[in-house]
1. For the structure I just gave you, tell me whether residue 68 is touching a residue at least 40 places away in the same chain (Cβ under 8 Å) and in contact with a strand residue (DSSP E or B) (Cβ under 8 Å, 6 or more places away or on another chain).
2. Can you say whether residue 61 is modelled with pLDDT of 95 or more, of a type outside the set (S, T, N, Q) and farther than 30 Å from residue 30 by Cβ, as far as the supplied structure shows?
3. Being within 20 Å of residue 150 (Cα to Cα) and either among the basic types (Lys, Arg) or in contact (Cβ under 8 Å) with a residue 40 or more places away in the chain (or both) is the filter here, so list the residues in region 105-133 that pass it.
4. Does region 104-121 include one or more residues that are loosely packed, with under 15 Cβ neighbours inside 10 Å, touching a Phe, Trp or Tyr at 6+ places or on another chain (Cβ under 6 Å) and within 21 Å of residue 69 (Cα to Cα)?
5. For region 1-46, which residues satisfy the criterion of being of a type in the set (Phe, Trp, Tyr) and surrounded by 18 or more Cβ atoms within 10 Å (Cβ to Cβ)?
6. Determine if region 131-147 includes at least one residue that is part of a strand (DSSP E or B), in contact with a strand residue (DSSP E or B) (Cβ under 9 Å, 6 or more places away or on another chain) and modelled with pLDDT of 95 or more.
Amino acid sequence: RDGKPYLHSHMAAVLPEFSDLGIGRKLKLAQREDALTRGISLVEWTFDPLQTKNAYFNICRLGAVARRYLTDVYGSTSSPLHAGLPTDRLVAEWRLESERVVDILAGNEPTQGPNVERVRIMMDDASPEIVAETQTKARKRFQELFAAGYLVTWFEREVGGGSYVLAKP
């Protein structure tokens with residue numbers, strides 16, 4: 001990226017019975033250390049913007065940001081995970097040595113400026129029609145905000161989902 005090596009992390013996952021035990025964060029922190037040892041300061045991966053738990057982890061626990069939205073990355077799949085929806089993805093950018101990442105990894109929450117926009121995702125117990133409508137609206141809004149120079153800087157959790165917080169750098 002920009003003439004410098006970077007790591008694209010295709011998949012890191014924890015089985016459901018081992019979730020919420022800190023294993024995923026330990027895996028990503030080990031990946032960070034490995035990348036830094038090799039002189040790599042940027043790791044990227046994609047994630048489903050409708051998966052709010054994953055969004056919170058990527059943005060708030062690791063310090064990644066997102067400024068790109070990819071539509072239907074994997075095309076149509078029969079996977080129950082995708083539920084027949086387009087496989088849209090946000091691109092997480094994890095700048096390993098940035099002040100933001102170092103602060104978040106140390107447990108410090110960044111302050112949000114006054115000029116932020118939000119993309120709300122409410123998914124729990126939603127019908128397939130509502131999920132499809134939510135994806136369509138989110139896709140349009142992310143694309144508009146990214147085109148205007150915004151990036152995802154935080155995720156606010158709520159019962160049933162949450163809101164992406166976007167700001168201009």
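1. Numbers: touching a residue at least 40 places away in the same chain (Cβ under 8 Å): yes; in contact with a strand residue (DSSP E or B) (Cβ under 8 Å, 6 or more places away or on another chain): yes.
The answer is yes for residue 68.
2. Values: modelled with pLDDT of 95 or more: yes; of a type outside the set (S, T, N, Q): yes; farther than 30 Å from residue 30 by Cβ: no.
It is false that residue 61 is modelled with pLDDT of 95 or more, of a type outside the set (S, T, N, Q) and farther than 30 Å from residue 30 by Cβ.
3. Of region 105-133, the ones within 20 Å of residue 150 (Cα to Cα) are 109-121.
The answer is 109, 110, 112, 113, 115, 116, 117, 118, 119, 120, 121.
4. No: zero hits.
5. Narrowing region 1-46 to residues of a type in the set (Phe, Trp, Tyr): 6, 18, 45.
If the condition is that a residue be of a type in the set (Phe, Trp, Tyr) and surrounded by 18 or more Cβ atoms within 10 Å (Cβ to Cβ), then 45 is the only one that fits.
6. Going through region 131-147, the residues part of a strand (DSSP E or B) turn out to be none.
Checked region 131-147: no residue is part of a strand (DSSP E or B), in contact with a strand residue (DSSP E or B) (Cβ under 9 Å, 6 or more places away or on another chain) and modelled with pLDDT of 95 or more.
The values are calculated or read from the model by the stated rules, or taken from the named source; none is laboratory data. What you are looking at is a predicted structure, and each value in this text was computed from that prediction instead of being measured. Cβ: placed from backbone, ideal geometry, glycine included. Neighbour counts: every protein chain shown.
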